[in-house]
Each structure stands twice: as C-alpha cells, then as structure tokens.
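S.K.: Here's a structure for you.
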Amino acid sequence: MAETALSLAGKHVLPKLLEAVHKLRDLPKEVTEVTDELESFQDFINNADKVSEAEEDKEKRDRIRKRLMRLREAAFRMEDVLDDYKICLEKQPEDDPRCAALLCEAVEFIKTHILRLQIAYQIQDAKSHVREEKDGFEKLFPEGHGSDGSSGNETSTWHKLRMDPLFIKEEEVIGFEDPIRTLKYWLTEGRKERTVISVVGMAGLGKTTLSKQVFDRVRADFECHALITVSRPYTVEGLLRDLTNKLCKERMEDPPPDVSTMDRRSLIEEVSNRLRNKRYVILFDDVWNKTFWDDIESAVIDDKKGSRILITTRDVKVADFCKKSLFFEVYKLGTLSKEKSLELLCKKAFGYGFDGSCPKGYEEVGLDIVKKCECLPLAIVAIGGLLYRKCKSPHEWGLFSQNLRLELENSELHSVTKILSLSYDDLPYNLRPCLLYFGMYPEDYEVKCGRLISHWIAEGFVKHESGRTLEEVAQDHLIELISRSLVQVSSFSIDDKVRGCRVHDSIHEMLRGKIKDTGFCQYIDEHNQLVSSGVIRRLTIATSSYDLSGTIETSHVRSILILTEKNLSEHFAGRLLAKYMPLKVLDFESAPLYHVPENLGNLFHLKYLSFRRTWISSLPKSIGKLQNLETLDARSKTLFDMPNEITKLRKLRHLLGTPISCIAVDDSLGGMTSLEKIHVLKIDPDGVLIRELGKLKQLRDLRLTHFMPEHGNTLSSSINEMQHLEKLHVYVKDGNGVINLDITSSHLTLKKLHLLGILKELPNWIPRLGNLVKLSFGESKLTNDPLKSLENLSNLVFLSFDSYSYEGETLYFQKGGFQKLKELRLKGLFKLHSIFIDEGALQSLKKLLIRTIPQLKTVPSDIQYLENLEVLDFYMPTEFQQRVGPSGEDHWIIKHIPHVNFITKSPYVLSFEKISRLFRRTRQNDVDPTD
C-alpha cells in the first residue's frame, strides 16, 4: 500500500510532503526560538532608538528614524504570527507528526493542520525579514551600536538610580500666592453682575492648577458650581450637555432622560433653568476657540446674583473676545520668579527631605537649571523628577546641568518641549508604551485608572511578578509615571488611591510626536481620515464615517478605541470587526452604539471588550468564541440577559454588567474559574448561582443583587471559600429581606463592604475585619447604636448609613473612636434626632454629609471639635439651613469649615418608594458609591 501511494505521489511531491511534516514537527521548538529572538530584537530596537536620540546631525537622525520604523514593523509582524500560533494551538491540540508513518497518512495529517503549516511558513518569513532589517540597519549605521546598547553619548543615556514612590499634588505648586489672592477677590467680591474672568498664559505656567486652587477655595460661596474641561475641538451641544450633567451631579440629581438627544436650543434652556436665580461659578478650563464666549453666553444667564465665569486659555484673543461681556477681568499669568522657581525645583528634587530652603551648595547650579527651564513650572517639575532619581550631590547636579545645556543646544525643539522629551527618553522601556497610551486619548481627556490599567494589561505592557496581581504591578507603573511628573492626578478615591488621571497639553503634544514616529497609534477624526503609511498598531476613531474601515484595511491593528458622539450603525461596526482579527482591545465606552454584529466572534485574540455606557440590548452568541477574553464590560444603559455562551470564556477575569442575569447558565458559572470580579450578578430564585460561586476561588470583587434570606447559609459558605475577596456588595431583593450572613474571621482581605437589606443586629464578624476601608449600610433598620462596635476598625476611612439603615434616636461618637475616618455620610435616618461627638473622636474626618434627617433640628454643636473637617454638605429643610446659614444663630458652630454646601430644594417631596428606588439604583450602579 505504501509503494502504491509512493508511486502516485511522484518524485516532486514527496520532498514537499516530507518538508511539511518536518515543519509541523519542529514548529513548537521554532516558536520557542522565535519568541526568544523577538525579545532580543526588541532590545536591538531599543538600542537603535538610543542611537537616534544621540545623533546630532538632523538628516542622519531622520534616516535612522525611518529605518527604525522598518525595524518596528518587522517586530509587529513577528508578534502577529506568534499570536496566530497561540490561537491555532488552542483550536487544534498538539498531535505528533511521527504517527504519520505512511505517505497517505502524512497527506491527511497535513490537511487537518493546514493552518498550523501556514503559520510555520509565516514564522520562517518573519524571521528572515527581521534578520534582513537588522543586518540592513547595522550596515547603514554601524558606529555607536554596541551589544550593550550604549550609544557612546552619555548626554542622552544617563544612568538610572532607584526611585522611591513620590508625587506632589497639583495643589502644592509654589509661587501662586499673589495670583490666588487677586483671583479670589475678583470671584467673591465686587459687582453683582455676572463677570467673566480670564486667566491667560503660555503652556506650562500652571493656569489650570492656579484656577482649580481658587475654584476649590471659593465654591462654597456660590449656590452651584461646575468645572468643565473644554476639548479641542468641541461642539456647542457637547459642551452644554457636559455642563448640564455636571450641574446635576453637583446637586446629586439625575440629568434629564433625553439629555443625550437634546438640540442646542433645548440644552441652552436646560442650563439656563438650572442657573436661574442662583449665584454660580463655572470654570471653563483650556479654551482655544476665540468664539467660545458666543457659544455659551446665552446659557449662562445673568440674574445679577454675583455669578462668575472663570476661563483659562493660552490665547489672548479668547480673553479679548470675552470682553464682549459688559463685565470682565483678565489676569495674565507670568513665569515664576527665580527664587520661586528654585524653591519648586528643590521641592520636587528633594521630595520629603525638603524643608523650604535650598540646601547649601545647590543654589548656584539650581538657578542655572531653572533658567534653562525658562522658569516654567511644568518644565521645572519634570526636571526635578529626573534630579530626584539621578543626582544626589551638588557635583552631580552640575554634571546634569552641563548635559542639559548640550541637549538644548543640539535640539531644534523649543527648550520646554525638549525637556519633556528628555523625561520621556529617561523612562525605562517597559514604561514608554504605558505613557504613549495617553496619546490615544484626546487632549485634556481624563481617563479612569481602572480602564487605563485594563488596557495596559490586555496589550501585554504589564508582566507577571511573583506574588502580585497584574493590576498591582500596573498600579506601580502608573505611580512611577506620576512621580516623574509626566502624568497628572485628576482625582483621588477616599483612600487616597489614584482614581483619574490625564497628561498636560504640552506632554500630550510631545506624545503625539512620539506616536507618529513609532507607528504606535493613529488618531482619526472628521478632520483627519488619512492613515499613515506603514504598519499602524492602534487606532483611536473619533468619527462614524462609513468609509473609514476601507482606509485601514491592510493594517495590523491591535487596539481600537471608539470616541464619537455620533451614532454608530450596525453596518459600520460589522465592517470594522470583520477586518481586525488581531485585535486585543476593543473599547466602545460611551459611544452611541445600539447593535453588536454577530461577527464579534471573529476577534479570537481579543482580551478587553467594553460596551460600557452604550445602548446595546444584547450580545451575540458568537461571544463564546472569544476564548482569550479577560475583561467583558457590558454595563450598558439598557438591561439585558447575558447569553449562556459566556460560560465558554474560561480566561475571563472581569465580568461586569448592570445587573447581570445568568439564570440560563446558573449551573455552569462555577467553571469560569479565572473570574476575579463579578458585578452586578442577579441571583436566581433557587440559589443555584450561589453554590456555583463557591467554586470561584480567585474572586476579589463580588456584587450581588436579588439576595433572599434563604440564600444566607449557602452564600456564607461560598464567600468563606474566597480567600482573596476584597470587595463585597450584597443587595436584597426590593430591599425588604434580611441579610443573614456569617463570614469567618479569616477574611482579613476584605476592604470594602456594602450591605443593602435588613440586619436584625450588627453582624459580629464585621468588627473583626481589620483591613476594612469602606463600609456602608442601607435599609438595615438597625435599632441599637452600632458605633461602639465599629469605632476600633483601624483602617476604616469611609462610613455610610443610608436610607433606613438606622432607626435609633441618637448616634454617639466616643472619644478616640474612628481615628482614620475621612468621610461620613448620614442619609435618610428618619428617627434620628441627636448626634453627639466627643472631643477627640473623628479626628481625621474631612467630609461630612447630612441629608434627609427630619428630626434633626440643628447641626450638632460638637462639630466644632472636628478641626480637620473641610467639607460639610447639607440636604435638609429650609428652616434647618437657615439656622446654620451665614446669619443663623448656629452658624458659629460651622464657621471654621472651609466648604459648606447647601441644597435648598427640599428632598422630602420624594416618596419613600422613590427614595428607595434611587438608593438601590445608586448602590447597583457601576461606579463605587464610596469613590
């Protein structure tokens, strides 16, 4: 039989068949070698990058960069082939080619592994291409490219020293004493007419920092306030929509349900109505369009209540245009003085060791450095970050200053731009793509850290470290970028973790230049739909153009970020998904997407998929094909049941929805053993899901709704199996059932706990949770004062008693209790009439909210003991607020508190049902209510 097959095969077929069998046999070994070779090639590219940075001749530097792009494209192609192999391996288990002893068996074997054979040949081609490009680069640019990666020019490749975590918040910038004093006076004193105040200055002066400082200091003097970052470019409708949402959020009100579809006239009316008869202050940050004032003037009405509009801009023409308003002021912000510049440099360079004066021996060279920075705060803090790592003596500062002079002399860039570029060049190579990712977002865009970190992880920027999660490693990457003053913190959580961040405009501009040079990303909007030649690795799409997908058909895109306010058709999404098999990140967050095409399942490589805040109402069954998916964010604006195909996603770590109904898969959920985060999961009536949860040993964040008392024992047993659990939210169905959990004291990992449902008494296991940071109760109907049991939770920073959580008449905060608590919320406590605070209690409290407590007739006099209290929010009846208002008899109690906010609209017009409904919706929202 073998001879017959051989004769049929012929002389020419046999060698090719044998070659194919050998290639299949050697493929796993070949992949291992190529993976190592790719890592070595990446090092080669990094060293070539250093050659480019050090080259002084512009023409030669440009030639090196063009050749560098070819090196990167070769690496991209090799990465893609290796990814294809991983997918192929999952689809076709490894078989031993040696079992194909006969020729006919070899032919059949090759037929069944044709995809793998294609990959083998692609790997061979990719290896050849990489070696060809590498040899070509070395022939063209042989000098200065040693194996150690040294360029021979220490000016650019300074040595790196170990760093300690450090970042100075924006509020700590030096030299704003006089501007703050002037702006505060303009905002709070003087005329009753609405006044426009423009802060004008070049990039890097600290306009935003200054204005935000003043805004925070004066907002308590106004009935409502809002801070708007103005994008470039913007639409008037988008700007007014953002303002409407901010005004609603500030008063803890829901925005109009149709706000996303309102036209300009309706939005102007909506904003005007919310500002009418109120004294307001609005900060519009980073305005570029000189016609800006015409766009918003009709919405920000003047009722002669002393309202103020604060604008920051680089363009003096914007300020001049605002003079069309009858009442205006312009503050031109200049550079810092040499003395203040030196103080700022030392503060950043010496960190916590700085005592307010420049150390001996550093003053002369320090003044020389700040002169090179042109006394611009942004450049100074960037250089200070480098000095903090590199230079620990006056002599090292002197060498640094000399090298900085050489860098600036050899650069055609503006000195500040070059300084920022030096800070980027100084980054370790594993941090560079993390920073470049900010270039994928629009200018001034605030990105939430959870989203950013998930993107980094899906992209492979974050490597495993023993004993740590990927998220923990990524957090360290972010903190280092912040400590180097390359990333700004825009918001913190209550436990002082970075919640939101952005980059300065000048850094964003620098990153866009780096992105263009490296093929890292292409930003496409209505004004720019041309894709650069060569391989583009990532796309930001800020348009809904139907022709877009055709322009990027041949690229090797790994990530797509959709940022558009215009509706995305099913046709558009379908064409987009059909073309990008290598995608690892697909993010539709906040895009007006209504349909998900069935061909979603084609994206085999996908690791991160987000439909958050879209309008989708279902997911296709093909989602079960996304075997590499790690994060599925389906927190859309509409509710829907998850398809049972999600249980096929065995690598899924984060499953997010609002809420997730998995009744169809209740007996299969336990197989998804990689899950670390689930919320919000709707429990089935029979409690089968709860038993399945006990199999998910890696869970760290669990949020459940529709809990019923009969689930208590089963859920307790399942939770006690989760030794890594950090966050637990449990919501009772309709808020009327009893939560009867018994959590073991071994759960020392639990940091956040939210219980919405009746508690017959405070569970005795809660005071044992030594690592608990945030704790909130709702509709608990506790009758005994729980504070004595909770006051010794040593790490608690947030405590909330929400609607009907406590039915006693008094709350007593005893001396020495709650020493780390920073925020306290008391809401909807209808029987409470007295709050007592001992001197020495709540010594760290910064924010206190008192809302809807009808029996409480006046503010507790003991608040005077809370010396660190910064914010006091009242949502109480008019007579209560009059007693503590500026002319009220009890105002003396709160006069030491910087920010006291009143909501004059009585909350008692809401029915019990509506209060409970709003409360449950807040608790089941995708945003943690404590952040």
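The values are calculated or read from the model by the stated rules, or taken from the named source; none is laboratory data. All values derive from a computational prediction rather than experimental measurement. Don't worry about glycine lacking a Cβ; one is built from the backbone with ideal geometry, like all the others, and counts go over all protein chains shown.
S.K.: Which residues, taken from the stretch 829-853, are in contact with a strand residue (DSSP E or B) (Cβ under 7 Å, 6 or more places away or on another chain), under 24 Å from Gly757 (Cβ atoms) and either without any contact (Cβ under 8 Å) to a residue 12 or more places away in the chain or assigned to a loop (DSSP other than H, G, I, E, B) (or both)?
M.R.: First, the residues of the stretch 829-853 that are in contact with a strand residue (DSSP E or B) (Cβ under 7 Å, 6 or more places away or on another chain): 829, 832, 834-838, 841-842, 845-853.
If we keep only those that are under 24 Å from Gly757 (Cβ atoms) as well, we get 829, 832, 849-853.
Selection gives Leu829, Leu832, Thr852, Ile853.
S.K.: Separate question: Does any residue of the stretch 436-449 turn out to be closer than 28 Å to Leu342 by Cα and assigned to a helix (DSSP H, G or I)?
M.R.: No, the stretch 436-449 contains no residue that is closer than 28 Å to Leu342 by Cα and assigned to a helix (DSSP H, G or I).
S.K.: Let me ask something additional. Given the criterion buried (at least 16 other Cβ atoms within 10 Å of the Cβ) and either touching an Asp or Glu at 6+ places or on another chain (Cβ under 8 Å) or not assigned by TED's automatic domain parsing to the domain that holds Asp315 (or both), identify the matching residue among Arg279, Arg274.
M.R.: Answer to the selection: Arg279.
S.K.: Let me ask another. Would you mind stating whether Arg241 is part of a helix (DSSP H, G or I), farther than 18 Å from Ser325 by Cβ and without any contact (Cβ under 8 Å) to a residue 60 or more places away in the chain?
M.R.: On the way: part of a helix (DSSP H, G or I): yes; farther than 18 Å from Ser325 by Cβ: yes; without any contact (Cβ under 8 Å) to a residue 60 or more places away in the chain: yes.
Yes: the conditions hold for Arg241.
S.K.: Exactly one of (1) crowded, with 19+ Cβ neighbours inside 10 Å; (2) more than 25 Å from the chain's Cα centre (by Cα) is unmet by Arg635. Its number?
M.R.: Unmet for Arg635, out of (1) crowded, with 19+ Cβ neighbours inside 10 Å; (2) more than 25 Å from the chain's Cα centre (by Cα): (2).
S.K.: Do you know which of the residues in the stretch 867-888 that are touching a Ser or Thr at 6+ places or on another chain (Cβ under 8 Å) and under 23 Å from Glu823 (Cβ atoms) is surrounded by the most Cβ atoms within 10 Å (Cβ to Cβ)?
M.R.: Met876
S.K.: Applying the selection to the stretch 684-718, what residues are touching a Ser or Thr at 6+ places or on another chain (Cβ under 9 Å), closer than 19 Å to Thr647 by Cβ and of a type in the set (D, E, K, R)?
M.R.: Asp684, Arg691, Glu692, Lys695, Lys697
S.K.: Residues in the stretch 336-348: is at least one farther than 30 Å from Phe400 by Cβ and of a type in the set (Ser, Thr, Tyr)?
M.R.: No, the stretch 336-348 contains no residue that is farther than 30 Å from Phe400 by Cβ and of a type in the set (Ser, Thr, Tyr).
S.K.: On to the next question. Does Thr614 fit the bill of being of a type in the set (S, T, N, Q), out of contact with any helix residue (DSSP H, G or I) (no Cβ under 8 Å at 6 or more places or on another chain) and either assigned by TED's automatic domain parsing to the domain that holds Leu89 or surrounded by 22 or more Cβ atoms within 10 Å (Cβ to Cβ) (or both)? Walk me through how you get there before you give the answer.
M.R.: Values: of a type in the set (S, T, N, Q): yes; out of contact with any helix residue (DSSP H, G or I) (no Cβ under 8 Å at 6 or more places or on another chain): yes; either assigned by TED's automatic domain parsing to the domain that holds Leu89 or surrounded by 22 or more Cβ atoms within 10 Å (Cβ to Cβ) (or both): yes.
Taking the combined requirement at face value, the residue satisfies it.
S.K.: Looking at (1) assigned to a loop (DSSP other than H, G, I, E, B); (2) farther than 16 Å from Pro898 by Cα; (3) among the charged types (D, E, K, R), can you tell me which one Glu867 breaks?
M.R.: So the condition that Glu867 fails would be (2).
S.K.: Follow-up. Give me the pairs, please: first residue somewhere in the stretch 792-805 and part of a loop (DSSP other than H, G, I, E, B), second residue anywhere and among the β-branched types (Val, Ile, Thr) and buried (at least 22 other Cβ atoms within 10 Å of the Cβ), beta-carbon distance under 8 Å, and either six or more positions apart or on two chains.
M.R.: Every condition considered, the pairs that remain are Asn795/Val773; Leu796/Val773; Val797/Val773.
S.K.: Could you check Ser559 against (1) closer than 24 Å to Leu71 by Cα; (2) small (Gly, Ala, Ser); (3) modelled with pLDDT of 90 or more; (4) surrounded by fewer than 20 Cβ atoms within 10 Å (Cβ to Cβ) and say which number it fails?
M.R.: Ser559 satisfies every listed condition except (4).
Listed here are the residues, each with its yes/no results for (1) at pLDDT 85 or above; (2) farther than 30 Å from Lys290 by Cα; (3) in contact with a strand residue (DSSP E or B) (Cβ under 8 Å, 6 or more places away or on another chain).
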position: Leu310; (1), (2), (3): yes, no, yes
position: Thr313; (1), (2), (3): yes, no, yes
position: Val330; (1), (2), (3): yes, no, yes
position: Gly334; (1), (2), (3): no, no, no
position: Lys340; (1), (2), (3): yes, yes, no
position: Cys358; (1), (2), (3): no, yes, no
position: Val365; (1), (2), (3): yes, yes, no
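S.K.: If you don't mind, another one. Return a yes/no flag: does the stretch 176-186 have any residue that is free of Cβ contacts under 8 Å to residues at least 60 places away in the same chain and either among the hydroxyl-bearing types (Ser, Thr, Tyr) or over 30 Å from Gly356 (Cβ atoms) (or both). Please lay out each step first, then the result.
M.R.: Residues of the stretch 176-186 free of Cβ contacts under 8 Å to residues at least 60 places away in the same chain: 176-178, 180-181, 184-185.
Adding the requirement that they be either among the hydroxyl-bearing types (Ser, Thr, Tyr) or over 30 Å from Gly356 (Cβ atoms) (or both) leaves 185.
Yes, there is a match, as at least one residue in the stretch 176-186 is free of Cβ contacts under 8 Å to residues at least 60 places away in the same chain and either among the hydroxyl-bearing types (Ser, Thr, Tyr) or over 30 Å from Gly356 (Cβ atoms) (or both).
S.K.: May I ask you to say which residue of Pro767, Pro763 is part of a helix (DSSP H, G or I), closer than 19 Å to Tyr806 by Cβ and free of Cβ contacts under 8 Å to residues at least 40 places away in the same chain?
M.R.: Pro767
S.K.: Hey, among the residues in the stretch 319-354 that are part of a loop (DSSP other than H, G, I, E, B) and small (Gly, Ala, Ser), which one's surrounded by the fewest Cβ atoms within 10 Å (Cβ to Cβ)?
M.R.: Applying the first criterion (part of a loop (DSSP other than H, G, I, E, B)) to the stretch 319-354 yields 323-327, 333-337, 354.
If we keep only those that are small (Gly, Ala, Ser) as well, we get 325, 334, 337.
Details: Ser325: 16, Gly334: 10, Ser337: 12.
Among those residues, the one meeting the criterion is Gly334.
S.K.: Check Val535, Val473 and return the single one that is in a loop (DSSP other than H, G, I, E, B) and more than 21 Å from Ser423 (Cα to Cα).
M.R.: Exactly one residue qualifies, and that residue is Val535.
S.K.: Could you identify the single residue in Leu577, Leu583, Leu609 that is under 22 Å from Trp456 (Cα atoms), part of a strand (DSSP E or B) and without any contact (Cβ under 8 Å) to a residue 40 or more places away in the chain?
M.R.: Residue meeting the stated conditions: Leu609.
S.K.: Still on this structure, please answer the following. Check Glu598 against each of (1) under 25 Å from Pro257 (Cβ atoms); (2) surrounded by fewer than 18 Cβ atoms within 10 Å (Cβ to Cβ); (3) of a type in the set (D, E, K, R) and name the one condition it does not meet.
M.R.: Glu598 satisfies every listed condition except (1).
S.K.: Given the options Leu866, Leu826, name the one that is free of Cβ contacts under 8 Å to residues at least 60 places away in the same chain and within 18 Å of Phe777 (Cβ to Cβ).
M.R.: When all the criteria are applied, what remains is Leu826.
S.K.: Right, another one. Among the numbered criteria (1) modelled with pLDDT under 85; (2) in a helix (DSSP H, G or I); (3) out of contact with any Ser or Thr (no Cβ under 6 Å at 6 or more places or on another chain); (4) buried (at least 17 other Cβ atoms within 10 Å of the Cβ), which one does Ile915 miss?
M.R.: Single failed check for Ile915: (3).
S.K.: Ok, one more. Among the residues of the stretch 222-234, write down those that are touching a residue at least 60 places away in the same chain (Cβ under 8 Å) and over 24 Å from the mean Cα position of the chain (by Cα).
M.R.: Phe222, Glu223
S.K.: Please count how many residues of the stretch 269-318 are over 18 Å from Thr208 (Cα atoms), among the hydroxyl-bearing types (Ser, Thr, Tyr) and outside any helix (DSSP H, G or I).
M.R.: 4
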